[in-house]
Amino acid sequence: MPDQKIQEYRDSIDSINLEILQLLSKRASVVSQIGKRQTEMGQKHYDPTRESEMLEKLEAANPGPFAGGTIKQLFKEIFKASLDLEEKQDKPKLKYSRKAKPENTTVVVSRGDVRVEFGGAEKVLISGPCSIESWEQMESTAAFVASRGVKLLRGGAYKPRTSPYGFQGLGEEGLQYGARAAAMHGQVFVAEVMDTRDVELAAHYADMLQVGTRNAQNFALLKEVGKAGKPVLLKRGMSSTMEEWLLTAEYILSSGNDQIVLCERGIRTFEKWTRNTLDLSAVAVAKLETHLPVIVDVTHAAGRRDILIPLAKAALAVGADGVHVEVHPNPATALSDNEQQLDFAGFDQFMLEVRPMLGWK
Ligand SMILES: [Mn+2]
């Protein structure tokens, strides 16, 4: 049998709790107003002088039976919650988030009659050589992959190489070859840009601009690419967290360009048997948390050509909107990435196994 007296006290506590709760809410809504006003005026929310004044007043007015220190502690918690509230309401809704835009964004890469859509029913395959080395190499690769249905041709004209003595790319000449080869074979062309000074030129030749893993947090470049008026293939930095990767997309989104395709390409881990570790959870999370299309670059994730097929299948199974794979007429003589580019026969084998998952008509 519960004690009658205790039960009465408890009822009284319950109603006092509700009074405190109402007062806390009332206080929080005033705090929210203060926070908004401070933000408008460019003032900081945290004001230690004001906080200690309030604590002194409360301690002086404290009727007990709680000790002054206890009252201070309790109110400090309230102050902290208030500061959190002010800071939280300052956070803008991030544009990449599904909370800001629930429906999927479709990214369209086009030139003339050629149109490639990311985020539609058909998955996209991006193929071509790592580096554009000569007209013959670029044209023969474009012709070959086009004959297998590839509509988005890649090729690097500016190569970010680990060593300054590695092949640096053909520059504008390479861009011309890529654009011309794509046009000849009914394709669109994507090229990487590394320097803010090259964005205008690259955008002149390419139908889609790529920001590579080594430039993933080159914020000046992201802003410039955002303003170029072309769709962007945005690779994840090899050491970027999800948040860092998605915030790089935010740079481009906040320049007014929502035509962004996110590309997971493997991250650095302790593992040595693959060049990078393909982070397929990141693909699933990006599909869930953002409205942007997501693709997987299997070539750079693996660093070896003997596992490209299973990685591509896994990428598509996890929900990727496409796959990026490098192809070279003669990988052994390629000026970059010769361990992982497919030759034409290897690409045919790749297509045989992966094509059923692409949903191509
Ligand atoms: Mn490459």
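Among the listed residues A314, A286, identify the single one that is part of a helix (DSSP H, G or I), buried (at least 22 other Cβ atoms within 10 Å of the Cβ) and more than 16 Å from the ligand (Cβ to nearest atom).
Checking each option against the conditions leaves just A286.
Scanning the stretch 255-271 for residues that are touching a strand residue (DSSP E or B) at 6+ places or on another chain (Cβ under 6 Å), away from the ligand (no atom under 16 Å from the Cβ) and within 30 Å of K99 (Cα to Cα) returns Q259, I260, V261, L262, I267.
Contact annotation: residue pairs with Cβ atoms under 8 Å, 6 or more positions apart or on different chains, pairing a residue in the stretch 78-103 that is within 23 Å of M54 (Cα to Cα) with a partner that is assigned to a loop (DSSP other than H, G, I, E, B) and hydroxyl-bearing (S, T, Y), are L83/Y46.
Evaluate the stretch 340-354: report whether one residue or more is of a type in the set (S, T, N, Q), more than 20 Å from M138 (Cα to Cα), away from the ligand (no atom under 16 Å from the Cβ) and surrounded by fewer than 16 Cβ atoms within 10 Å (Cβ to Cβ).
yes
Taking (1) farther than 30 Å from R98 by Cα; (2) touching a residue at least 12 places away in the same chain (Cβ under 8 Å) in turn, T290 satisfies each apart from (1). One residue stands out in the stretch 128-137 among those that are within 14 Å of the ligand (Cβ to nearest atom) and assigned to a loop (DSSP other than H, G, I, E, B): the one that is farthest from the chain's Cα centre (by Cα), namely E133.
I need the full set of residues from the stretch 162-212 which are β-branched (V, I, T), buried (at least 17 other Cβ atoms within 10 Å of the Cβ) and farther than 19 Å from S140 by Cα, in order please.
If we filter the stretch 162-212 for residues that are β-branched (V, I, T), which is where we start, we get 162, 188, 190, 193, 196, 199, 211.
After this cut, where a residue has to be buried (at least 17 other Cβ atoms within 10 Å of the Cβ) as well, the list is 188, 190, 193, 199, 211.
Hits for the stretch 162-212 are V193, V199, V211.
Within the stretch 138-162, the residues that satisfy the criterion of being touching a Pro at 6+ places or on another chain (Cβ under 6 Å) and within 14 Å of the ligand (Cβ to nearest atom) are T141, G155.
Matching residues to (1) among the aliphatic types (A, V, I, L, M); (2) over 24 Å from V108 (Cβ atoms); (3) more than 15 Å from the ligand (Cβ to nearest atom):
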| position | (1), (2), (3) |
| --- | --- |
| W273 | no, yes, yes |
| V294 | yes, no, yes |
| P310 | no, yes, yes |
| V318 | yes, no, yes |
| H328 | no, yes, no |
| A334 | yes, yes, no |
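All of L222, L233 fail the test of being surrounded by 22 or more Cβ atoms within 10 Å (Cβ to Cβ) and in contact (Cβ under 8 Å) with a residue 40 or more places away in the chain, apart from L233. Being touching a helix residue (DSSP H, G or I) at 6+ places or on another chain (Cβ under 8 Å), buried (at least 24 other Cβ atoms within 10 Å of the Cβ) and either at pLDDT 95 or above or closer than 28 Å to S255 by Cα (or both), is that true of even one residue in the stretch 145-152? Yes - at least one qualifying residue is present in the stretch 145-152.
The values are calculated or read from the model by the stated rules, or taken from the named source; none is laboratory data. Values in this document were obtained by computation on a predicted structure and should not be read as measured data. Quick reminder, even Gly has a Cβ in these numbers, built from the backbone with ideal geometry, and neighbours come from all protein chains shown.
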